[in-house]
1. Do you know which residues across the stretch 312-322 are open to solvent by less than 30 Å² (accessible area, probe 1.4 Å) and more than 22 Å from Ile274 (Cα to Cα)?
2. Looking at (1) among the small types (Gly, Ala, Ser); (2) outside any loop (DSSP other than H, G, I, E, B); (3) touching an Asp or Glu at 6+ places or on another chain (Cβ under 7 Å); (4) within 16 Å of the ligand (Cβ to nearest atom), find the lone condition where Ser150 falls short.
3. Scan the stretch 40-55 residue by residue and report those that are of a type outside the set (Val, Ile, Thr), surrounded by fewer than 15 Cβ atoms within 10 Å (Cβ to Cβ) and assigned to a loop (DSSP other than H, G, I, E, B).
4. For residues that are within 16 Å of the ligand (Cβ to nearest atom) and not in a loop (DSSP other than H, G, I, E, B), tally how many sit in the stretch 207-259.
5. Out of Ala267, Ala291, which single residue is touching an Asp or Glu at 6+ places or on another chain (Cβ under 6 Å) and either farther than 26 Å from Cys243 by Cβ or within 13 Å of the ligand (Cβ to nearest atom) (or both)?
6. Looking at the structure I just gave you, is Lys16 closer than 22 Å to Ala267 by Cα and either away from the ligand (no atom under 14 Å from the Cβ) or in contact (Cβ under 8 Å) with a residue 24 or more places away in the chain (or both)?
7. Quick one: Glu23 ticks every box in (1) assigned to a loop (DSSP other than H, G, I, E, B); (2) more than 15 Å from the ligand (Cβ to nearest atom); (3) surrounded by 17 or more Cβ atoms within 10 Å (Cβ to Cβ); (4) not polar (S, T, N, Q) except a single one, so which number is it?
8. Looking at Leu115, Leu4, Leu84, can you tell me which residue is surrounded by fewer than 24 Cβ atoms within 10 Å (Cβ to Cβ) and touching a Phe, Trp or Tyr at 6+ places or on another chain (Cβ under 6 Å)?
Amino acid sequence: MTELNNIALKILEKGKGILAADESTGTMTKRLEGVNVISTPENRLLFRETLFSSSCMTKCIGGVILYDETIKQKNSKKIMIPELISKMGSYPGIKVDTGAKVLSGSPDEKITEGLDGLRERLKEYYQLGAKFTKWRGVYNISKNFPSKLSIHANANALARYSALVQECNMVPIVEPEVLMDGDHSADECYQKTSEVIKKCFEELILHKVDLKGIILKPNMILAGNKSNNKISGDEVAKLTLKCLKNSVPSEVPGIAFLSGGQSEKEATENLNLINKYNNTNFIMSYSYGRALQQSALKFWSKNIQNIEGTQKVFNHRAKMNTLAAQGKWSKDLEI
Ligand code: 5MM
């Protein structure tokens, strides 16, 4: 089990973070069509291999979460994608859930599926070079949500997933995402996120998951995106730290936040403040999807052959976040 702890620490060492490039084909199609690029396996690969061969992969990106399609693809030089990522000095990982579906018993909420046949799929991914995995539970906030049922069912699935992943010698990323959609206050986000995370750890412990060999991927504590009572970055950082300090067991080596719909700069600034005020022993880094890729995707969409230009944009964003993961970012470093 020390091996898993070492991998988790390596992924997040020296301000390194995780690139979440695990958009399923449906989501990736939305992203590409949003910038007027046709979503073909070739275009999805071209954008992703452009990112994975960027220079920031060596010093800033400790791990890349892949989707099933990508982990089985070869780049233009016929190198398998996990091998390319390893050669760049990063760890390949894989999303293993099969998506969030309607939760029977509370049809306005979601339960993440993918446990059936997971043990066999994990063996295949391990053979393909994956060193870590990801599973995301989603929760929405409203007066009655997340319900006890959704909190319990998703925590149980996250724990069963994590136990199987460790059995197969990979590090599970545990991602309970409390969505920012809605008009709720930051205090409500704090209450619900605390409840969700505490339940996850109760189940992880029950399922005998070694907490030293996981990475937690939570949301930051924010007011809902439709709330009129937005809070400052300082308050986001302080509430986020308070929530995690009170709900995450000290054995957990690292926390890598999702960006959840924050703008690129907001996600960087908030991470920087979290690290400035960090009064815990946890490494606090990033596992961003949109907040790492948005500008690079926009640039690339205008000229998909401009590899170098796209990489420059991506390198900058990764560098900013790696500085933020050490509390060393400042506004004037932005272009
Ligand atoms: C990259 O997006 C992932 C979700 O993909 P699907 O919806 O296609 O399954 C998502 O899990 C992502 O890894 C996390 O939410 C973090 O991404 P953001 O954009 O929130 O930082």
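The values are calculated or read from the model by the stated rules, or taken from the named source; none is laboratory data. Keep in mind that this is a model prediction, so the values were computed, not measured. Ideal geometry is used to build each Cβ from the backbone, glycine not excepted, and the neighbour counts take in all protein chains shown. Each accessible area value is taken on the protein alone, full model and side chains, heavy atoms only, with ligands, DNA and RNA left out. Shrake-Rupley method; radii C 1.70, N 1.55, O 1.52, S 1.80 Å.
1. Filtering the stretch 312-322 down to residues open to solvent by less than 30 Å² (accessible area, probe 1.4 Å) leaves 314, 317-318, 320-322.
Hit for the stretch 312-322 is Phe314, nothing else.
2. With (1) among the small types (Gly, Ala, Ser); (2) outside any loop (DSSP other than H, G, I, E, B); (3) touching an Asp or Glu at 6+ places or on another chain (Cβ under 7 Å); (4) within 16 Å of the ligand (Cβ to nearest atom) applied to Ser150, the lone miss is (4).
3. Here is the first cut: in the stretch 40-55, the residues of a type outside the set (Val, Ile, Thr) are 41-49, 51-55.
From what's left, surrounded by fewer than 15 Cβ atoms within 10 Å (Cβ to Cβ): 41-42, 55.
Passing the criteria: only Ser55.
4. Within the stretch 207-259, residues that are within 16 Å of the ligand (Cβ to nearest atom) and not in a loop (DSSP other than H, G, I, E, B) number 8.
5. Sole residue among the options that is touching an Asp or Glu at 6+ places or on another chain (Cβ under 6 Å) and either farther than 26 Å from Cys243 by Cβ or within 13 Å of the ligand (Cβ to nearest atom) (or both): Ala291.
6. Values: closer than 22 Å to Ala267 by Cα: yes; either away from the ligand (no atom under 14 Å from the Cβ) or in contact (Cβ under 8 Å) with a residue 24 or more places away in the chain (or both): yes.
The answer is yes for Lys16.
7. (2)
8. Details: Leu115 fails: touching a Phe, Trp or Tyr at 6+ places or on another chain (Cβ under 6 Å); Leu4 fails: touching a Phe, Trp or Tyr at 6+ places or on another chain (Cβ under 6 Å).
Of Leu115, Leu4, Leu84, the one residue that is surrounded by fewer than 24 Cβ atoms within 10 Å (Cβ to Cβ) and touching a Phe, Trp or Tyr at 6+ places or on another chain (Cβ under 6 Å) is Leu84.
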